Ligand SMILES: Cc1cc2nc3c(=O)[nH]c(=O)nc-3n(C[C@H](O)[C@H](O)[C@H](O)COP(=O)(O)OP(=O)(O)OC[C@H]3O[C@@H](n4cnc5c(N)ncnc54)[C@H](O)[C@@H]3O)c2cc1C
Ligand code: SF4
Ligand code: SF4
Ligand code: SF4
Ligand code: SF4
């Protein structure tokens, strides 16, 4: 268990703690939750930095960071789920429905990652007014991913496809929350981002956080540093912007990247050094704090797995079904078992990593 | 500065020490003056520049001090009288030339003025430049008052011509900037026709015989100086304590004796000619006194030499007690004051000395902090350097590899303080930042992994930075040089420099362009406006993250003070306090705590930021850093 700080020791300022315990410790996963919450934390080219001293002792930056040390990380998750009125459920998180699915929208072809469920649901939520704006992740001018804000289907499709690098998209959420508007906001985010977003939304000193009305979570086992990935691509001789990237299921053992020049398979050994060190602390495979989570469908290319978790998530899926936007099929029990095992394994690895961190 | 030729001969005038030096040079028939600006010497050349047209002389700001002295030497070789002035650091820059010139010798009278800055009030170092006289066997004069400045400069030119060598005159901050009554003499009419006899060769070989000639010149100078009347004794015939003093310290010593009421027990030997020392005079006064105190700034120059002289004659002179820096009665560092000297005299004479009410200093400090608002040592409002360091700080922080910044000499040296976000990691002398960057930029092969950035001002770039840059290019050093081009020598008072395309006398010269110089060296070079914080940050980030190699960014934006004189800045600023987040989490006074322009204040009562309209110049830069869009910039015309 994490040791409490020595009695009588003055509480260090929030940002300075975040710097020492997360940023300088190399554990930041660039979720972006602390970025733009205030001007002391900045983000560029996949990198989060805090150049100035803030000094405030009860700041929110450390509270919203998914990587900040807490005495009991699963307690923290349980508390946030409770605040959302959802039960804690292991290992996959709260579940109302589970499906395999793919989108029936021809214009998404070739742009979406797998089944295009995420893009379809986001576009639908915008169209139906569930949200007024969605925060997504898209490649910036230098190729590194960054947060973008979308209001139209066109903008949603422009951000389709997975970028296997950390892009700090929650900074765009912070930016949207800081503006004097009141429309509901949606987010597509990785499990760490779903956790940070839940912390933001529930923060007692962040009234605007309640505007976050929809979180679509992505499955995730690990992420790469944007600059690290650039180096790997350079070393592999890959030039030009990526049109697609994927970690095909085992036993492929590669990162597959596609550019205008064609597709290159980069062995995992070359990728491993640029995996974010902080990902080892993440217990969550399936974004348990999302309203609805989406991942690959094992052994079924072009399809997604969908986990519906909340009322809001259910509403969105029902709408999609009613409008004939998705083709749904039952997820085979064996695949569901595999997913649960993978999720449980991730939790076990993370628990060990938190323990090692606490023991120093 | 004023045209010094307008002063009437014989009529008392109130002159700064530096002006008195300039007037003395004019009276001596000076034809060429050259200098590089630096406190406390700058006004010498400035007042000569303003007198140049009426006096019909040539005056220039040179690219550096060595070039200034070389130009002066050129005039001397043609038979004209010439002068080079500089601060103590400049003597170091010119030193190699000085040590060769003294062997070649000179023709027309030539004087080197060094204005030293004890306590380093406006310097990066504290240094006693009198060392150059002993090192190069040059006659040295040390005036104590503006009137003496004038008289000694005139004497120096005659002396130089009499011995055929350079003469050094040393001023001090207190003297250069003190105003006192001076009676100017007449100005000469006519000047010699400059001519260099082609049979005449000014060089240094054969070295050994020439070295002997140089020694002989110094000996001859000593004889002439002994007759000058610049060394004077006042006091009883056999004083209880003999004080040997020079420069400002001679005045402090007289004042200290007065304060202690020991004028009749203490004798003051005031030396105006301090190298070579007048041995006969010193021997006489040593014989008359058992105890000797030395008062001089900063090094024990006279002290050490007089003790050496005594050592040779100790048998005849008998036992003496020497007091000063070596004995610990006076500090080895910093300026002297009448109080410090009174303390030393009292200790030697066994008196008690109470400098002032013991609590006086404490009370004064408290009063000041109560009445005067706190202002940190910082860049001016609207200063482009603040924006430049902001961009550098942000970019290096995002880069994340703990980049280091090697600094140089100018206003931007303040980058070591909070005003520059402590983003400068080293500062030494003019141009050395580039050499250090060049060295760091070659350490990669030895395992050094941090990015390297050098910053240099536009004036410093031309002064002494070029060889460092050439070296880096030649040896393929990997670093980013940022030229902080504010088109001014702002630190020393806005003198023109090669990049400004103006000469000392305000005539058009040829502007030398930093960019073209870099491009000619084959260096990748880009011009950025540091007021555009995002663009400047991105340029630095891309440069340090990009392919290795030498790169130059020119951060070009006019000095805020020069801009102020040329019509000012465009905006009227205001904080919309309804948007400002104040010290809440989400900002925590980012503008006044992090950006720190003195134009940004915190309105304690409102708990919100506020623009200090008296201080803010309206550059508009801070509007870019406010997270709430609360800092508003309106065009001045619209606001008026
Ligand atoms: C870093 C990363 C790791 C992943 N790991 C797994 C895994 O181990 N197993 C698994 O089943 N699925 C994983 N996924 C999810 C998978 O890649 C698909 O995103 C998901 O299945 C949805 O597919 P789709 O066809 O509906 O996507 P699309 O309709 O194409 O939508 C993809 C969405 O992902 C968002 N996005 C893209 N890159 C990022 C990013 N770097 N950070 C945050 N959001 C981003 C886009 O904004 C877009 O809205 C991962 C995704 C990422 C980004
Ligand atoms: S979030 Fe709050 S506490 Fe943290 S750095 Fe910003 S202002 Fe300071
Ligand atoms: S993990 Fe997220 S909240 Fe934590 S430091 Fe990194 S970007 Fe900020
Ligand atoms: S940066 Fe903006 S919000 Fe923050 S204190 Fe200054 S004016 Fe107010
Ligand atoms: S506009 Fe802002 S940065 Fe510029 S001088 Fe005024 S307060 Fe300072």
Would you work out the Kirkwood radius for the stretch B:571-639? I mean one over the mean of 1/r across all pairs of different Cα atoms, in Å.
11.7
Compute the distance from the alpha-carbon center of the stretch B:213-250 to that of the stretch B:410-440, in whole Å.
42
Which one, A:34, A:192, A:61, has the greatest fluctuation when you compute a Gaussian network model over chain A with C-alpha springs under 10 angstrom?
A:61
Within the stretch B:396-430, the residues whose backbone N lies under 14 Å from a label point placed 7 Å from the Cα of residue B:135 along the Cα-to-Cβ direction are none
Based on the alpha carbon coordinates of the stretch A:226-273, what radius of gyration and maximum Cα-Cα distance (Dmax) apply, in Å?
10.1, 28
Which order do B:293, B:169, A:90 fall in if you start with the one that has the fewest other Cβ atoms within 10 Å?
A:90, B:169, B:293
Counting other chain Cβ atoms within 10 Å of each Cβ in A:41-53 and taking the mean gives 5
Highest mean first, how do B:303-313, B:14-24, A:50-60 rank when packing is the count of other Cβ atoms within 10 Å averaged over residues?
B:14-24, A:50-60, B:303-313
Quick one: grab the alpha carbon gyration tensor of the stretch B:19-142, order the square roots of its eigenvalues as a ≥ b ≥ c, and give me rounded if a/c is under 1.5, else prolate or oblate depending on whether a/b is larger than b/c.
oblate
Among A:311-318, A:263-270, B:370-377, how do they line up by average Cβ neighbours within 10 Å per residue, starting with the highest?
A:311-318, A:263-270, B:370-377
Please say if the stretch B:84-159 is rounded, prolate or oblate, where rounded means a/c under 1.5 for a ≥ b ≥ c the square roots of the C-alpha gyration tensor eigenvalues, and otherwise the choice is prolate for a/b larger than b/c and oblate otherwise?
oblate
Calculated FRET value between residue A:151 and residue A:323, using beta carbons and R₀ = 22 Å, to 0.05
0.70
In which sequence would A:38, B:99, B:525 go, from the one with the fewest C-beta neighbours within 10 Å to the one with the most?
B:99, B:525, A:38
Enter the angle in degrees (range 0 to 90, nearest 10) between the Cα long axis of helix B:88-104 and the first principal axis of the Cα atoms of chain B, meaning the one along which they spread out most.
50
Using the 10 angstrom Cβ neighbour count as an exposure proxy, how do B:576, B:408 rank, fewest first?
B:576, B:408
What fraction, in whole percent, of alpha-carbon pairs in chain B exceed 31 Å separation?
59
Count, for each residue of A:199-207, the Cβ atoms from other chains sitting within 10 Å of its Cβ, then give me the mean as a whole number.
1
Quick one: grab the alpha carbon gyration tensor of chain A, order the square roots of its eigenvalues as a ≥ b ≥ c, and give me rounded if a/c is under 1.5, else prolate or oblate depending on whether a/b is larger than b/c.
rounded
Given R₀ = 45 Å, what would the calculated FRET efficiency be for residue A:337 paired with residue A:12, taking r from the Cβ atoms and rounding to 0.05?
0.50
Taking Cα atoms, the helix B:384-399 axis meets the longest principal axis of chain B at an angle in degrees (rounded to 10) of 60
Hey, could you pull the Cα Rg and Dmax for the protein assembly as shown, both in Å?
37.4, 120
Asserting the computed 222 nm helical MRE of the protein assembly as shown (DSSP H runs at least 4 long, -39500 (n - 2.57) per run, divided by residue count, to nearest 500) equals -10500 deg cm²/dmol
Hey, what angle do you get for helix B:247-260 against the long axis of chain B, alpha-carbon based, 0 to 90 degrees rounded to 10?
80
How much of the DSSP bridge set in chain B is antiparallel, in percent, rounded to the nearest 5?
25
Quick one: if the Förster radius is 41 Å, what FRET efficiency do residue B:223 and residue B:428 give, using the C-beta to C-beta distance and rounding to 0.05?
0.50
Order the peptides B:616-622, B:219-225 from the highest to the lowest mean number of other Cβ atoms within 10 Å of their residues.
B:616-622, B:219-225
For peptide B:587-597, what's the mean number of Cβ atoms from other chains within 10 Å of each residue's Cβ?
4
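Since every read-out is calculated from the coordinates, none of them should be taken as a lab result. Keep in mind it's a predicted model, so treat the numbers as computed, not measured. When we count neighbours, we look across all protein chains shown, and the Cβ atoms used for this are built from the backbone with ideal geometry, even at glycine.
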